[in-house]
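Presented below is the structure to which this report refers.
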Amino acid sequence: MTTAERHPLKARRVQFSFDETPLYWLRDDPFSTHMINGIHMLLPEGELWFCRVYNQALPLVTDEHLRADVEGFIRQEAVHSRAHSKAQIYLEQHGLQLDDYLGKVNWLFKTFLGEKPLGLNALDRKAFKKHWLILRVGLIATIEHFTGVLGQWAMDNTSWEETGDASMVDLFKWHLAEEVEHRTVAFDLFEHLCRTQLGFYAGRQVLMAIVFPLFVYFLVEGGRTLYRQDADPAIRKHGSSSIPRILQELERVGNATKNVPTFSFLVKATLRWVSPSFNPIDEGDTQQALDYLARSPAAQAASVH
């Protein structure tokens, strides 16, 4: 985190209740609701994976300010995971089955991106362990580019407050505000651990080539998992749609309702990553995020306790 933006990253111990939250928490917009609700299934295990990787990386951090940022990042991500785990219960209470999708997520983070990916024993060797750790740090930096730009999108968004359930809106906006707040940490850590700037730049591009299709797949599949279980045939049909068709519908609905980012928004954000001068500090407004956190009902309640 740059000096101009530096402030302590603290975990806000928020609590949410979804007892009164309808399944379609974005009124009259089941497509966007299911697409966004799919995030609840992806994030808990993913963010715990962030924490595991970063705890392993901490001994390699030689800059005290960066170490403090990484520790704050870990604490925030752990709270994010717990909050979205509670939202999974909300989905199950509405009769939705999550096990198949959660199985894919667990495979991704525990097997494919775990300590021994696909059981490769070569990673028992110290040198390979370090390289694998730094590669995963880089994957997190790449993923955090998307969480950061989506966070700024949420800070700029006004449609959720107009049509959305207050508790669910606050969950997402609190979380995404913290993504804006800590948006430089993963990038800074990956840069800190890379030996050369050339290796850092080339590595960033290779990792984006891996992350972007995986991110799109899991985003779409989360939505399709919930579409397939919808009682309305007009919505249920999206559960069998191809990825391109879902992305086309995402573009249409996003432009029409402003309730979801469009696919073109994600593509433009990806293209900005390609620039050698890219830095996530330019991708968001920290003060705007802090202003939301100062008025977030859940964050305010957490600050009292």
Can you tell which of 56, 15, 76 is over 29 Å from residue 248 (Cβ atoms), in contact (Cβ under 8 Å) with a residue 24 or more places away in the chain and buried (at least 20 other Cβ atoms within 10 Å of the Cβ)?
76
Scan the range 271-293 for residues that are among the hydroxyl-bearing types (Ser, Thr, Tyr) and either buried (at least 19 other Cβ atoms within 10 Å of the Cβ) or under 15 Å from residue 184 (Cβ atoms) (or both) and jot them down.
277, 286, 292
With respect to residue 176, determine if the residue is closer than 21 Å to residue 199 by Cα and not small (Gly, Ala, Ser).
no
Any residue in the range 195-213 that is on the phi < 0 side of the Ramachandran plot, at pLDDT below 95 and not in a helix (DSSP H, G or I)?
yes
For residue 274, state whether it is farther than 24 Å from residue 102 by Cα, out of contact with any Ser or Thr (no Cβ under 7 Å at 6 or more places or on another chain) and not polar (S, T, N, Q).
yes
Looking only at residues in the range 246-302 that are in contact with an Asp or Glu (Cβ under 6 Å, 6 or more places away or on another chain), assigned to a loop (DSSP other than H, G, I, E, B) and touching a residue at least 60 places away in the same chain (Cβ under 8 Å), which one is nearest to residue 18 (Cα to Cα)?
296
Answer yes or no: is there a residue in the range 229-240 that is within 13 Å of residue 38 (Cβ to Cβ), free of Cβ contacts under 8 Å to residues at least 40 places away in the same chain and surrounded by 13 or more Cβ atoms within 10 Å (Cβ to Cβ).
yes
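Give me a count of the residues in the range 157-172 that are of a type in the set (A, V, I, L, M, F, W, C), touching a Ser or Thr at 6+ places or on another chain (Cβ under 6 Å) and more than 23 Å from residue 262 (Cβ to Cβ). Give the steps one after another, and end with the answer.
Our first condition is that a residue be of a type in the set (A, V, I, L, M, F, W, C); within the range 157-172, this holds for 160, 166, 168-169, 171-172.
Keeping just the survivors that are touching a Ser or Thr at 6+ places or on another chain (Cβ under 6 Å) gives 168.
From what is left, the residues that are more than 23 Å from residue 262 (Cβ to Cβ) are none.
Of the residues in that region, 0 qualify.
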Matching residues in the range 10-56 (polar (S, T, N, Q), in contact with a Phe, Trp or Tyr (Cβ under 7 Å, 6 or more places away or on another chain) and closer than 24 Å to residue 294 by Cα) number 1
Quick one: which residue in 257, 225 is over 30 Å from residue 8 (Cα atoms) and touching a strand residue (DSSP E or B) at 6+ places or on another chain (Cβ under 9 Å)?
257
Between a residue in the range 37-51 that is aliphatic (A, V, I, L, M) and any residue that is outside any helix (DSSP H, G or I), which pairs come within a Cβ distance under 8 Å, given they are 6 or more apart or on different chains?
41/98
Considering every residue within the range 173-185, establish whether at least one is more than 19 Å from residue 261 (Cα to Cα), touching a helix residue (DSSP H, G or I) at 6+ places or on another chain (Cβ under 6 Å) and acidic (Asp, Glu).
yes
Here are some residues: 142, 158. Which one is farther than 19 Å from residue 62 by Cβ and surrounded by fewer than 18 Cβ atoms within 10 Å (Cβ to Cβ)?
158
Quick check: anything in the range 198-214 in contact with a His (Cβ under 6 Å, 6 or more places away or on another chain), under 29 Å from residue 99 (Cβ atoms) and aromatic (Phe, Trp, Tyr)?
no
Do you know which residues across the range 158-178 are within 19 Å of residue 16 (Cβ to Cβ), in contact (Cβ under 8 Å) with a residue 60 or more places away in the chain and not hydrophobic (A, V, I, L, M, F, W, C)?
163, 164, 165, 167, 170, 173, 175, 178
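Considering only residues that are of a type in the set (A, V, I, L, M) and within 16 Å of the chain's Cα centre (by Cα), look in the range 17-50 and name the one that is farthest from residue 165 (Cα to Cα). Write out each step before concluding.
Let us first name the residues in the range 17-50 that are of a type in the set (A, V, I, L, M), namely 23, 26, 35-36, 39, 41-43, 48.
With the extra rule that they be within 16 Å of the chain's Cα centre (by Cα), the set shrinks to 35-36, 39, 41-43, 48.
Working: 35: 16, 36: 13, 39: 16, 41: 19, 42: 21, 43: 20, 48: 27 Å.
Here the answer is 48.
The values are calculated or read from the model by the stated rules, or taken from the named source; none is laboratory data. All figures in this text were calculated on a predicted structure; none of them were measured in a lab. When we count neighbours, we look across all protein chains shown, and the Cβ atoms used for this are built from the backbone with ideal geometry, even at glycine.
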